[in-house]
Amino acid sequence: MELKTRLLDEAAINRAITRIAHEIVEKSKGTEGLVILGILTRGYPLAKRIADRIQQFEGVQVPVGSLDITWYRDDLTTVAEHPVVNKSESPFSVDGKTVVLVDDVLFTGRTARAALDAVMDWGRPKRIQLAVMIDRGHRELPIRADYVGKNVPTSSREFISVKLQEVDDDNEVWLGEL
């Protein structure tokens, strides 16, 4: 695997997070009943950054939780013999709320589908929306993001690598080739 092109640097990631945060508040007509769930691993730090940005310009701290979708994956038996399961943390009820799921990359749509199943097991939200840093296409399921940092059409031989300070000690997005 070889990294070819840096798509976003730290400043571009920050601009995308700011834009996504504003779009979420605008589409939700404020922050009332809004909660954010970050899909582990990199969706969670992105979710916290989005909530922090909303707090900066709205003065309201939107609740943030983490979501581990491991047990909801349709490929669990092919991922690993003993998959690592992290703990989901939702310090709030999703019932009647607008839930924004956050992930780093939208590809086939299978992770988003698993996240939808997980949220529905927690309760009955008013609506569920999806925010992603990168939408790279190649959908296998009828899923689309409501908020996108950057659309990056890719070939099947390419991959996207999102690196975040909280996980990878860096802030950048790369396009690579297998």
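The values are calculated or read from the model by the stated rules, or taken from the named source; none is laboratory data. On a predicted model such as this, the values are computed, not experimentally measured, just so you know. Because the Cβ atoms are built from the backbone with ideal geometry, glycine has one as well, and the counts that use them run over all protein chains shown. To get the accessible areas, we keep the full protein, side chains included, count just its heavy atoms, and leave off ligands, DNA and RNA. Shrake-Rupley method; radii C 1.70, N 1.55, O 1.52, S 1.80 Å.
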Filtering segment 41-60 for residues that are in a loop (DSSP other than H, G, I, E, B) and at pLDDT 95 or above leaves a count of 3
Taking segment 112-143 and the residues there that are of a type outside the set (A, V, I, L, M) and under 21 Å from Leu175 (Cβ atoms), the one that is surrounded by the fewest Cβ atoms within 10 Å (Cβ to Cβ) would be Glu140
Within segment 118-136, of all residues that are in a loop (DSSP other than H, G, I, E, B) and in contact with a strand residue (DSSP E or B) (Cβ under 8 Å, 6 or more places away or on another chain), the one farthest from Thr70 (Cα to Cα) is Lys126
In segment 10-34, anything out of contact with any Ser or Thr (no Cβ under 7 Å at 6 or more places or on another chain), surrounded by 12 or more Cβ atoms within 10 Å (Cβ to Cβ) and not in a helix (DSSP H, G or I) is listed as Thr31
Tyr147 vs (1) over 26 Å from Met1 (Cα atoms); (2) surrounded by 13 or more Cβ atoms within 10 Å (Cβ to Cβ); (3) modelled with pLDDT under 95: all pass except (3)
Scanning segment 35-59 for residues that are in contact (Cβ under 8 Å) with a residue 24 or more places away in the chain and more than 23 Å from Leu116 (Cβ to Cβ), the one most open to solvent (accessible area, probe 1.4 Å) turns out to be Glu58
